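Engineer: The structure is given below, and queries will be raised subsequently.
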Amino acid sequence: MALSKKPVNGMKDILPEEMQIRDYVQQVIKETYRSYGFTPIETPCMENIANLSSRQGGENEKLIFKVMKRGEKLKLAEAKEEADLVDFGMRYDLTVPLVRFYANNANDLPSPFKALQIGNVWRADRPQRGRYRQFMQCDIDIIGEPGNLAEIELILATTTTIGRLGFKNFEIRINDRRILKAMAAYSGFSGEAFDTVFIILDKMDKIGMDGVAAELEKEGCAKESIDKYLALFRGAAEAENGIRYLASTLQGFLDGETEQNLLEIIDSVEAAKTADFKLVFDPTLVRGMSYYTGTIFEIAMPELGAACGGGGRYDGMVGKFTGNNVPACGFSIGFERIVLLLMESGFEVPMQRPKTAYLIEKGYPAEKLSEVIARAQAERQAGKQVLVVRMNKNKKFQKEKLAAEGYGDIVEFFKD
């Protein structure tokens, strides 16, 4: 029986054309984030299953690829529950591994710590356009900064990066978890119902207000609470300043610090931004991770019709490992979707150094071949990219392919 040549469902082989773009995007990301003082780190692809299943990852915890115990530890016949079989899991994002990393190494790290992490994550999700079961994430996080300087720096660094990749007219949608909770409490929903309410609210852009109302009613919510809740969103949309409108309406449920915090972030980013984007307050923005405690934000790309990254503040997460809460905030770029948009737009990686191809005819004398190799080495030392290959029978097609790959200079070496 022949072996399967196709990759596992939801994962893919990456061809050279896409790999060039991926390398270039990573280069831009790293250079830009380093200019903002972020330091690269790396964490393992697996984590202890208890860390990944701590009810902080929201719906993603249902999508964990779990790793069975090995050797003598694996006793299938005696297993009564999942914990008897599983001890590790593939990471579903980079935030949980980062927080564990910080908790383990805090004494050796600066404060605040500005981390840059790029790596693959795995989710047992349903594959679709721009969504895979193995995909790359690019995260920046600031741990140890309690004020909104963290949010301002994260938004500026991320938007600068996206701008340098050629994107314009995108949006950064921003909200605060404290506003979400205040709106729900003001409307009369019980604290136990908040998660259900937010899950339904997260569908607002797809099902509209009527759809949200219908689903809330289906969950048994009181009509009076539903009407009061949706009236807040209408009022915020009609107001000159949605943040100020909600802060005024929600007095007694929302502290004034939240209003000031958001307005300062927006004003500071607008004053300092270098990319072409809009920063928009969106009270319907939820973000799926349950570990968020304050400001949340998301990148909306008109070309994609979906989010292309996001993040927020998660001040309570470090304390799950250490017992002492440390302020933390992060932003993740949707790397795979960025690459998808660049591929679909016909993006070409800017020429970073000259590319030369040496075509050597079959039978070329060995004593002369060493001279060609030495010449190629000298050009490489001078900063050029030199490809040395044998000449094919169909030389014309070979040269056309090389030209399409960016080899502007093709040098031929014949045996005679």
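Engineer: Placing unit charges on C-beta atoms (Lys and Arg positive, Asp and Glu negative, everything else neutral), compute the dipole magnitude of the chain about its Cα centre in debye, rounded to 20.
Structural biologist: Working: 55 positive and 60 negative charges, 401 e Å.
Approximately 1920 debye in magnitude.
Engineer: May I pose another question? Given the C-alpha atoms of the range 355-413, compute the convex hull and give its volume per residue in Å³.
Structural biologist: On the way: hull volume 3.5 nm³, N = 59.
It is 59 Å³ per residue.
Engineer: Could you tell me which residue out of Ala366, Ala382, Gln398 lies farthest along the dipole of the range 355-413 toward its positive end? Charges go on the beta carbon: Lys and Arg +1, Asp and Glu -1, centred on the Cα centre.
Structural biologist: Farthest towards the positive pole: Gln398.
Engineer: A follow-up question, please. Which of Ala2, Ala328, Leu230 sits closest to the plus end of the dipole of the chain, meaning its Cα is farthest towards the positive end, when Lys and Arg get +1 and Asp and Glu get -1 on the C-beta?
Structural biologist: Among Ala2, Ala328, Leu230, the one farthest towards the positive end of the dipole of the chain is Ala2.
Engineer: Here's something else I'd like to know. What translational diffusion coefficient, to the nearest whole µm²/s, does the chain have by Stokes-Einstein, given a Kirkwood radius computed over alpha-carbon pairs, a temperature of 10 °C and 1.306 mPa s viscosity?
Structural biologist: On the way: Rh = 24.7 Å.
For the chosen part, D equals 64 µm²/s.
Engineer: Just to check, using Stokes-Einstein with a Kirkwood Rh over alpha carbon pairs, what's the diffusion coefficient of the range 1-145 at 20 °C and 1.002 mPa s in µm²/s?
Structural biologist: D = 122 µm²/s.
Engineer: State, as an integer percentage, the relative contact order of the chain based on alpha-carbon contacts under 8 Å between residues 6 or more apart. Intermediate results must be reported in sequence, preceding the final value.
Structural biologist: On the way: 636 pairs, mean separation 73.0, N = 416.
Relative contact order, the chain: 18 percent.
Engineer: Tell me whether the range 201-241 comes out rounded, prolate or oblate; compute the Cα gyration tensor, take square roots of the eigenvalues as a ≥ b ≥ c, and use a/c under 1.5 as the rounded threshold. Kindly include the intermediate steps, with their values, before the conclusion.
Structural biologist: Working: a/c = 3.29, a/b = 1.49, b/c = 2.21.
Judged from the Cα gyration tensor, the range 201-241 comes out oblate (a/c at least 1.5, b/c at or above a/b).
Engineer: Among Ala124, Ala376, Ala236, whose mean-square fluctuation peaks in a Gaussian network model of the chain (Cα, cutoff 10 Å)?
Structural biologist: For the chain, modelled as a Gaussian network with Cα springs under 10 Å, the answer is Ala376.
Engineer: Still on this structure, I have one more. Where the only charges are on Cβ atoms (+1 Lys, Arg; -1 Asp, Glu), what is the dipole of the range 170-216 about its Cα centre, to the nearest 20 debye?
Structural biologist: Values: 6 positive and 8 negative charges, 31 e Å.
Roughly 160 debye for the range 170-216.
Engineer: Still on this structure, please answer the following. Can you tell me which of 408-415, 173-180 comes out highest on packing, and rank the rest after it, using the mean Cβ neighbours within 10 Å? Provide the component values of the computation, followed by the final result.
Structural biologist: Numbers: 408-415: 13.4, 173-180: 23.0.
Per-residue Cβ counts within 10 Å, averaged per peptide and sorted highest first, yield 173-180, 408-415.
Engineer: When the C-alpha atoms of the range 70-203 are aligned to their principal axes, what extent does each axis show, in angstrom, from largest down?
Structural biologist: 56, 44, 40
Engineer: While we're on this one: Which one of Ile360, Ile200, Ile243 has the biggest mean-square fluctuation once the chain is modelled by GNM with Cα springs under 10 Å?
Structural biologist: Ile360
Engineer: Just going by the charge dipole of the range 136-198, with Lys and Arg at +1 and Asp and Glu at -1 on Cβ, which of Ala150, Ser190, Leu180 is farthest out on the positive end?
Structural biologist: The residue sitting farthest along the positive end of the dipole is Leu180.
Engineer: Next question. With only Lys, Arg, Asp and Glu charged, each at its Cβ (+1 for the first two, -1 for the last two), find how big the charge dipole of the range 355-413 is about the Cα centre; round to the nearest 20 debye. Let's see the in-between values first.
Structural biologist: Numbers: 12 positive and 8 negative charges, 42 e Å.
Magnitude of the dipole: close to 200 debye.
None of the figures in this text is laboratory data; all of them are computed from the coordinates on show. Since the structure is predicted, the reported quantities are computational estimates derived from the model, not experimental observations. Every residue, glycine as well, gets a Cβ built from its backbone with ideal geometry; the counts of neighbours run over all protein chains shown.
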